[in-house]
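Report on the following structure.
The values are calculated or read from the model by the stated rules, or taken from the named source; none is laboratory data. The model shown is predicted, which means the values in this text are computed figures rather than measured ones. Cβ coordinates were reconstructed from backbone atoms using ideal geometry, including for glycine residues, and neighbour counts include every protein chain displayed.
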Amino acid sequence: MKNFKIVALLVTAISCCNCNNKSTLDTSVKNKGALMQLMSGNLKATASLDSLQTLPHLYALGALENLKGEIQIFDGTSYVSKKKVFNKVQIQPTFDHKASLLVYAQVPEWNDAILLDKFTVNSQLEKQIKNAALANGIDVEQPFPFLIKGKPSLLSWHVIDWKDGDTVHTHKKHQESGPHGTFENEEVEIIGFYSEKHKAVFTHHTTFLHMHFKTDYEGIAGHVDALFGENVFGNQLELYLPKS
């Protein structure tokens, strides 16, 4: 009888641990702040990254408080990027930052790679992501995260470094305020979020996508402004979707 009670207690304890693990793993997409607020000049913090640090399998992107850098988090590892001297990019692998805009989700597992066809405009990529999501049983009426890995034929990027006191916000000024550039055929990993209902919230008004990247190429990470995929041997881009 004593041994039975011990076993029962162990089973209960394990069940409680499993319940606690499930309760901390919320796979829905969440956002703090909104692009429309940033464009109106409200750059104050809406979230603290360290409050999310313990979330398992965290993926996130966004902009730092006062638009002083970009946020990229891949599977719980931070790649916050800021401007440093000579307009170079500095990666800060910490959660000791605040965000004016943040989009995030927990993704414990991704589906097998889906090869993307050639695309040279955002709408072509959007269509491929949506079709792949539908084929994999994802509710496209709700926002969802995705990964893209491989060598894009071209990637245009920026790391925002907004000038203090400037109250006139435009998309072009955001792109050119800090380090920015393009590169071709370099290995990248991209975290993105797809939503048809969050324009001017966490996607720009012309797209359903918001994407950030990291790469070993010159040690940079930041916001994706344009992405081209040619789908030629050695340069195929792979799409990953959350496994249901």
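Below is a table of values for the structure above.
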{"read-out": "Qualifying residue in the range 207-223 (condition: assigned to a loop (DSSP other than H, G, I, E, B) and touching a helix residue (DSSP H, G or I) at 6+ places or on another chain (Cβ under 9 Å))", "value": "yes"}
{"read-out": "Leading residue by the ranking (nearest to the chain's Cα centre (by Cα)) among those in the range 48-63 that are closer than 11 Å to Asp96 by Cα and not in a loop (DSSP other than H, G, I, E, B)", "value": "Leu49"}
{"read-out": "Cβ-Cβ under 8 Å pairs, at least 6 apart or on other chains, the range 123-140 side modelled with pLDDT of 95 or more, far side surrounded by fewer than 12 Cβ atoms within 10 Å (Cβ to Cβ) and not in a loop (DSSP other than H, G, I, E, B)", "value": "Val140/Leu134"}
{"read-out": "From the options Lys199, Lys172, residue that is more than 19 Å from the chain's Cα centre (by Cα) and either within 20 Å of Ile73 (Cβ to Cβ) or without any contact (Cβ under 8 Å) to a residue 12 or more places away in the chain (or both)", "value": "Lys172"}
{"read-out": "Residue that is surrounded by the most Cβ atoms within 10 Å (Cβ to Cβ), among those in the range 208-228 that are over 13 Å from the mean Cα position of the chain (by Cα) and modelled with pLDDT of 95 or more", "value": "Leu227"}
{"read-out": "Residue, farthest from the chain's Cα centre (by Cα), within the range 229-244, restricted to residues that are among the small types (Gly, Ala, Ser) and assigned to a loop (DSSP other than H, G, I, E, B)", "value": "Gly234"}
{"read-out": "Only one of Gly62, Gly69, Gly137, Gly150 that is surrounded by fewer than 17 Cβ atoms within 10 Å (Cβ to Cβ) and not β-branched (Val, Ile, Thr)", "value": "Gly137"}
{"read-out": "In the range 113-122, the residues that are part of a loop (DSSP other than H, G, I, E, B) and either under 17 Å from Ser195 (Cβ atoms) or touching a residue at least 60 places away in the same chain (Cβ under 8 Å) (or both)", "value": "Ala113, Leu116, Asp117, Lys118, Thr120"}
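Listed here are the residues, each with its yes/no results for (1) outside any loop (DSSP other than H, G, I, E, B); (2) out of contact with any Lys or Arg (no Cβ under 9 Å at 6 or more places or on another chain).
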{"residue": "Ile148", "(1), (2)": "yes, yes"}
{"residue": "Asp166", "(1), (2)": "no, no"}
{"residue": "His169", "(1), (2)": "no, yes"}
{"residue": "Thr182", "(1), (2)": "yes, yes"}
{"residue": "Glu186", "(1), (2)": "no, no"}
{"residue": "Gly192", "(1), (2)": "yes, yes"}
